[in-house]
Amino acid sequence: MPQVLLTFSAPFHSLAQGEAHRHGLSQFQTLSPETMLAACPDCAALAQHWLHRPPIYIRHMFPVQRSGRWRGTGALRRELAEFPPARLQLRLPAWHPPGEEARLEGLWTGAPERILSVLVHETRWWAGLSAPRLNLSPWKGGAPQYEVDSGLVNRCEWKLREAIDTFGWRLGTGRALDLGACPGGWSRVLLRYGLSVTAVDPRPEGMTVQHARLEHRAEPAECFLRSAPAGGFDVLTNDMWLPAEETARLTRDAAPLLRPGGMALVTLKLGNVSPELESRRGPLRRALAILREAYRIPRLRQLFYNRFEVTAWLVRS
Ligand SMILES: C[S@@+](CC[C@H](N)C(=O)[O-])C[C@H]1O[C@@H](n2cnc3c(N)ncnc32)[C@H](O)[C@@H]1O
């Protein structure tokens, strides 16, 4: 049976496998904490289905069309030469010298509309050719690489950028409400898209970003929600470090501040202490039910820059 190679975050392994199983994949073979092979009766149909309804926990996939024993980069290049021209996305084990992946990828030339994905693990390699949009993510292994930025506040910025890129949001001018905003990573991203930002966080000296279009309200979100006028915002973000259900309640209560059709983005923290990973699904289900009281939820994804959390894209009903 054809095989597919799946990538996910290590703490979400069992949830990713369950998700794959529910879509007809079987014969799972774990390669590393973040990758597994699975038998896939119809990879093309599954990729098309996931294009429109992506899975939550599986971050990246590619169909395996060739595999072999690892005999060094020279031998691998000869084996891969049998594929038609494509852009190479190569993942080598960590013991390779830094820069080796980029060097080999640079030797490859081909049409960007086709990706040749290659994973090398221990003594074997697996390769497959596909359209980037059918891989669940355009990035190698679903891991975005953002440019070096000397003004970066924190890695939360990459988390928001990854969500915006993944969900295909087009942001322009308008007003954003950023709940739990300090030290200001998300606010900075929203400002750079051109939005005016109201950043709510009770830490009085906690905001490191200053900008003419940024207002910091040093108060708890619950207080701000009681005094803010309805419908004044186009975008709402919430990255507070709260249990998923509390985040959901607060985000639901903030919905009237968004104009109808306004979009929200929240991270739902699922905890990192339970050894029983499946137990995370209960709080997540309850959090989603609370959010649905005020929003549609077009997408829910466990992203590369999410740690023990998932990111939800919401639209105010
Ligand atoms: C994970 S940090 C947010 C990081 C932020 N997204 C960034 O990009 O820099 C969580 C923030 O939520 C704030 N917070 C906690 N409880 C809050 C509340 N009730 N109202 C508003 N902010 C709160 C904390 O002060 C903390 O700064």
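The values are calculated or read from the model by the stated rules, or taken from the named source; none is laboratory data. Only a predicted model underlies this, so the values are computations on that prediction, with no experimental measurement involved. Counting neighbours? That spans all protein chains shown, and the Cβs are built from the backbone with ideal geometry, glycine included.
Here are the numbers:
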| read-out | value |
| --- | --- |
| Which numbered condition Ala44 fails, given (1) more than 14 Å from Ala127 (Cβ to Cβ); (2) not in a helix (DSSP H, G or I) | (2) |
| Matching helices (runs of 4 or more DSSP H) fully within region 86-204 where at least 2 residues are away from the ligand (no atom under 16 Å from the Cβ) and more than 19 Å from the chain's Cα centre (by Cα) | 100-107 |
| Residue within region 51-60 that is closer than 30 Å to Gly271 by Cβ and either aromatic (Phe, Trp, Tyr) or outside the structural domain of Leu134 (by TED's automatic domain parsing) (or both) present | yes |
| Qualifying positions in region 31-66 - out of contact with any Gly (no Cβ under 9 Å at 6 or more places or on another chain) and among the hydroxyl-bearing types (Ser, Thr, Tyr) | Ser32 |
| Criterion (closer than 18 Å to Gly142 by Cβ and hydrophobic (A, V, I, L, M, F, W, C)) met by exactly one of Leu5, Leu80 | Leu5 |
| Scope region 192-208; condition buried (at least 21 other Cβ atoms within 10 Å of the Cβ) and of a type in the set (A, V, I, L, M); matching residues | Leu195, Val197, Ala199, Val200 |
| Filter result for Pro55 (without any contact (Cβ under 8 Å) to a residue 60 or more places away in the chain and either closer than 22 Å to Trp139 by Cα or surrounded by fewer than 14 Cβ atoms within 10 Å (Cβ to Cβ) (or both)) | no |
| Residues (surrounded by fewer than 24 Cβ atoms within 10 Å (Cβ to Cβ) and over 8 Å from Asp239 (Cβ atoms)) located in region 169-188 | Trp169, Arg170, Leu171, Gly172, Thr173, Gly174, Arg175, Cys182, Pro183, Gly185 |
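To keep it simple, each residue is scored yes or no on (1) modelled with pLDDT of 95 or more; (2) in a helix (DSSP H, G or I); (3) assigned by TED's automatic domain parsing to the domain that holds His13; (4) buried (at least 18 other Cβ atoms within 10 Å of the Cβ).
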position	(1), (2), (3), (4)
Glu222	yes, yes, no, no
Gly231	no, no, no, no
Thr237	yes, no, no, yes
Thr247	yes, yes, no, yes
Leu265	yes, no, no, yes
Gly282	no, yes, no, no
Arg285	no, yes, no, no
Arg296	yes, no, no, no
